[in-house]
Amino acid sequence: MRSRRILAPSIVLTIVALLAALAPPTFAADLNESKGFRKAVTLAGIREHQAALQEVADDNAGTRSSGTPGYRASADYVAERLEAAGYDATLQPFPFAFYRQLAPSTFERVSPQPITYTEGSAADYTPMTYSGSGNVTATVSTVGGLGCTAADFAGFPAGNIALISRGTCTFATKAGNAQAVGATAVVIYNNIGGPLNGTLGAPNFTIPVLGTTQAIGVTNAALVPGGLTFHVATSTDSETRTTWNVIAETASGDPNRVVVVGAHLDSVLPGPGINDNGSGSGAILEIAEVFAAQNRTARNKLRFMWYGAEEFNLLGSQFYVNSLSQAERDKVMAMVNFDMVGSPNYVRFVYDGDNSAFPVGPGAAEGPPGSAYLETLFVDYFNAVGLANDPTPFSGRSDYGPFIAVGIPAGGLFTGAEGIKTAAQATTYGGTAGIAYDPCYHQACDTFANNSNTGLDQMSDAAAHVILTLSRVKVDVRETEAVAALRTSGSRVADAPGPEELPDR
């Protein structure tokens, strides 16, 4: 046990005065209020949930992606645990455009001058998202324009492969016009330097559609008049499927002052997603269970949510927000998000609700009024327990996005994904500089072993404290003033401009 130092009364008064001058107009973290709750929210309990999700993935081809049996089994697990704890769990279904590539594709020039092109996002070509399947060797034809109108395909020989330049209209329009006149495959080439990684937007295609470089497209277009043959093959699942959000809320609490506690439940297709996002899903499930087990009474209703199809561009949270009337949206006082809170090379990131570290611009969305208050709750907690923390922007890469887009304040925690840990962060938090916060991000190795027990334990305690606080605060989060959270420690020490590069999720 650490010995205590007794401060002289004059020093105590000075410290109190300084804290009063610096304190934001919320309130400092009251650790006594949440002590029993935090103690009951255990690392072992969260790891139990992560182990169950790993078992689900093991039983379902290594994935828990929306659109697969592994996701439905994950949703059933969460719902069953909630019901056992006394909640009424609801599975909210919604349709979404599912896509996956089942096997490596092929793109070859058969004649003249045979050549095999290399598949890859930074290589010669990639199948476009929502490409259909097929295996065809056929003559190549260009079109009269850019393929944006039916007139561009006048006289196009049915059975041929269409070679079209990017430009003017969507890839889906070009591919749809080609498919309508009987093209057996479509190759769209870039109109600028670099690879072309495109999406067709929806699963409306039964033929292969590839994107390739400008150089490959221009070179082959010049060969068409003399006769050109391609071999194109793709094998994909591309169809509309159903997935689910899981929703449960406290029986107590003002229904006009709802706090949404959210985490996405799905993994990416290549792996089980036990950090991304079994960590956030497991943490809020443990918190919900403890809240019920301790017979807590909420002043503000807590609505726990596990979103589907986040990895398909936030579809679950977007569907939920779209399903609410304006009157129902007005009842949501705040949203707190927990997406990846156990990264093995972690940093304790808190969403920058007041945009003081990351001014609104590329890679940083605006935190609606009240978001600064939520940031301060987390920062105050970390300050109170003596843990460093750093800001992270509202980059649009997780389920808070649809909420802040309609003006609902948001906050939350994050321990890092594919971003690279800096030397300053390694000094502050430990771990290894120069490698990713999660080296297994979106990979098959994101398993039960891909976890920091220390980071997960600390972040779940912070989540438990703030969620309990929000369940009982009298203040309306939306009406709080935007006052910058004052960090007492972190690799940044204080918020400062300079967002890091944030690639698309």
Fully extended, how many nm does the chain gain between residue 158 and residue 137 (0.36 nm per residue separation, minus their Cα-Cα distance)? 6.2 nm
Based on the Cα gyration tensor of the range 122-231, what are the three equivalent ellipsoid semi-axes, each the root of five times an eigenvalue, rounded to whole Å and given largest first? 17, 16, 14
Counting only heavy atoms of the protein chains, get the accessible area per residue of the range 215-370 (1.4 Å probe) and round it to a whole Å² value. 30 Å²
Helix-only CD estimate at 222 nm, as mean residue ellipticity for the chain, using -39500 (n - 2.57) per DSSP H run (n ≥ 4): -9000 deg cm²/dmol
How big is the gap, in Å, between the Cα center of the range 48-95 and the Cα center of the range 412-459? 25 Å
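What fraction, in whole percent, of alpha-carbon pairs in the range 273-373 exceed 23 Å separation?
Everything past 23 Å amounts to 41 percent.
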The set of residues whose placed amide H lies less than 5 Å from the amide H of residue 339, leaving out same-chain residues fewer than 5 positions away, is 413
Calc'd 3J(HN,Hα), the range 436-453, phi into Karplus 6.51 cos²θ - 1.76 cosθ + 1.60 (θ = phi - 60°), Hz, glycine/Pro = x, comes to 5, 4, 10, x, 9, 3, 6, 10, 5, 7, 7, 10, 4, 6, 8, 7, 9, 4
For residue 491, the accessible surface traced by a 1.4 Å probe with all protein chains present amounts, in square angstrom to the nearest 10, to 30 Å²
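Can you tell me the relative contact order of the chain? Whole percent, Cα pairs under 8 Å, sequence separation 6 or more.
Values: 1188 pairs, mean separation 92.1, N = 505.
Once divided by the residue count of the chain, the mean separation gives 18 percent.
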Long pairs among 174/331; 39/301; 35/331; 421/474, criterion Cα-Cα beyond 32 Å: 174/331; 421/474
The range 231-306 and the range 359-380 have their Cα centres apart by a whole-number Å value of 22 Å
If R0 is 45 Å, what FRET efficiency do you get for residue 122 and residue 472 from their C-beta distance, rounded to 0.05? 0.35
How far, in nm, would the chain grow between residue 223 and residue 113 when pulled straight, counting 0.36 nm per residue and subtracting the alpha carbon separation? 38.6 nm
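Note down the relative contact order for the range 369-505 as a percent, whole number, built from C-alpha pairs under 8 angstrom at least six residues apart.
Over the range 369-505, the number comes to 44 percent.
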Spin-label pair residue 206/residue 330, simplified geometry with 7 Å Cα→Cβ offset, distance in nm: 4.9 nm
Interchain or long-range residues, amide H under 5 Å from residue 185's placed H: 162
Residue 33 versus residue 423, label points 7 Å from Cα toward the beta carbon: distance in nm? 4.2 nm
Round to the nearest 0.05 the FRET efficiency obtained for residue 385 and residue 61 when R0 = 35 Å and r is the Cβ-Cβ distance. 0.25
Listed residues 75, 89, 46: farthest to the positive end of the dipole of the range 30-94 (Cβ charges): 46
Would you mind checking which residues have amide H under 5 Å from residue 394's amide H? H placed 1.01 Å from N; only 5 or more apart, or other chain. 352, 365
Of the heavy-atom accessible surface of the range 385-496 (probe 1.4 angstrom), what whole percent is carbon and sulfur? 56 percent
At 7 Å along the Cα-to-beta-carbon direction for both residue 322 and residue 88, put a label point, then send me their distance in nm to one decimal. 2.6 nm
So the FRET efficiency between residue 454 and residue 360, C-beta based with R0 = 45 Å and rounded to 0.05, is 0.85
First obtain the Kirkwood hydrodynamic radius of the range 308-428 from its Cα pairs, then insert it into the Stokes-Einstein equation at 10 °C and 1.306 mPa s, and state the resulting D in µm² per second as a whole number. 106 µm²/s
Cα pair distances in the range 16-167, grouped into 10 Å bins until the bin that holds the longest one, percent each: 8, 18, 20, 15, 16, 13, 8, 4, 0
What is the Cα centroid distance between the range 151-174 and the range 327-347, reported in whole angstrom? 44 Å
Quick one: work out Rg over Rh on the C-alpha atoms of the chain, Rh as Kirkwood radius. 1.05
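The values are calculated or read from the model by the stated rules, or taken from the named source; none is laboratory data. These numbers were taken from a predicted model, which means no experiment stands behind them. Note that each Cβ is placed from the backbone with ideal geometry, even for glycine, and that neighbours are counted across all protein chains shown. Surface accessibility is based on the protein's heavy atoms, side chains included, excluding ligands, DNA and RNA. Shrake-Rupley method; radii C 1.70, N 1.55, O 1.52, S 1.80 Å.
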